[in-house]
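**Q** Have a look at this one before I ask anything.
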Amino acid sequence: MTIKNEKIIVKIDSNLKELIPGYINNRYLDIKNIIGALEKGDYATIRVLGHSMKGSGGGYGFDAITEIGRVIEDAAKEKNNDVIKDKVEELKDYLSKIEIIYV
């Protein structure tokens, strides 16, 4: 079980400092867009969003986002709403807990 206020420390290359706020904001947009696509049964959009997260997360130092994106992409291919919803909640939780340290 995860503790509600537990912080997740993520060390990010200081060269990326200016890009990180926009990257995080875009993940919140992904959450909104995935929820909207789920309501429409638009699994193609969900798959693309998951694929994008899978490809970008690790490059910015967010390995958890890569893994969440991979599962969302696979779940979209299978039209598995429950897994998609679970991973969206996991992403929300992750984003709310990360504390970035620039190195």
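FYI, it's all coordinate maths here, none of it is from the lab. Given the structure is predicted, the values throughout are model-derived calculations rather than measurements. All Cβ positions, even for glycine, are placed from backbone atoms using ideal geometry, and neighbour counts span all protein chains on display.
**Q** Could you work out [θ]222 nm for the chain from helices alone, using -39500 (n - 2.57) per DSSP H run of at least four and dividing by all its residues? Round to the nearest 500 deg cm²/dmol.
**A** The per-residue figure over the chain is -23500 deg cm²/dmol.
**Q** Another question, then. Can you flag which of 11/32; 40/85; 17/85; 54/97; 11/97 are past 23 Å Cα-Cα?
**A** In this structure, 11/32; 17/85 exceed 23 Å between Cα atoms.
**Q** Compute the signed sum of charges (Lys and Arg +1, Asp and Glu -1) over the other residues within less than 13 Å, Cβ to Cβ, of residue 33.
**A** Result for the neighbourhood of residue 33: +1.
**Q** Given contacts defined as C-alpha pairs under 8 Å and at least six residues apart, what's the relative contact order of the chain, whole-number percent?
**A** 39 percent
**Q** Which ³J(HN,Hα) values in Hz, rounded to whole numbers, follow from the phi angles of the range 83-91 under the Karplus curve 6.51 cos²θ - 1.76 cosθ + 1.60, where θ = phi - 60° and Gly and Pro get x?
**A** Whole-Hz 3J(HN,Hα) from phi for the range 83-91: 5, 4, 4, 4, 6, 5, 5, 5, 5.
**Q** Further, regarding this structure: Can you give the FRET efficiency for residue 102 and residue 48, using 1/(1 + (r/R0)^6), R0 = 30 Å, r = Cβ-Cβ distance, to the nearest 0.05?
**A** 0.50
**Q** Turning to a different aspect of this structure: Once the piece of chain linking residue 63 and residue 93 is laid out straight, how much longer is it, given 0.36 nm per residue of separation minus the C-alpha distance between them?
**A** Net length gain for the segment: 9.3 nm.
**Q** Where in the chain lies the longest segment free of GluC sites (Glu not before Pro) that are both loop residues by DSSP (not H, G, I, E, B) and have at most 13 other Cβ atoms within 10 Å?
**A** 19-103
**Q** Follow-up question, since we're still on this one. Just need the relative contact order of the range 53-96 here, percent rounded to a whole number, with Cα pairs under 8 Å and 6+ apart.
**A** 28 percent
**Q** Please report, to two decimal places, log10 I(q)/I(0) for the range 8-102 at q = 0.13, 0.17, 0.19, 0.24 Å⁻¹ as given by the Debye formula with identical point scatterers on the Cα atoms and no solvent.
**A** These q points yield log10 I(q)/I(0) values of -0.40, -0.66, -0.81, -1.20.
**Q** Please give the charge dipole size of the chain, origin at the Cα centre, charges +1 on K and R Cβ atoms and -1 on D and E Cβ atoms. Round to the nearest 20 debye.
**A** Using only the charged Cβ atoms, the result is roughly 140 debye.
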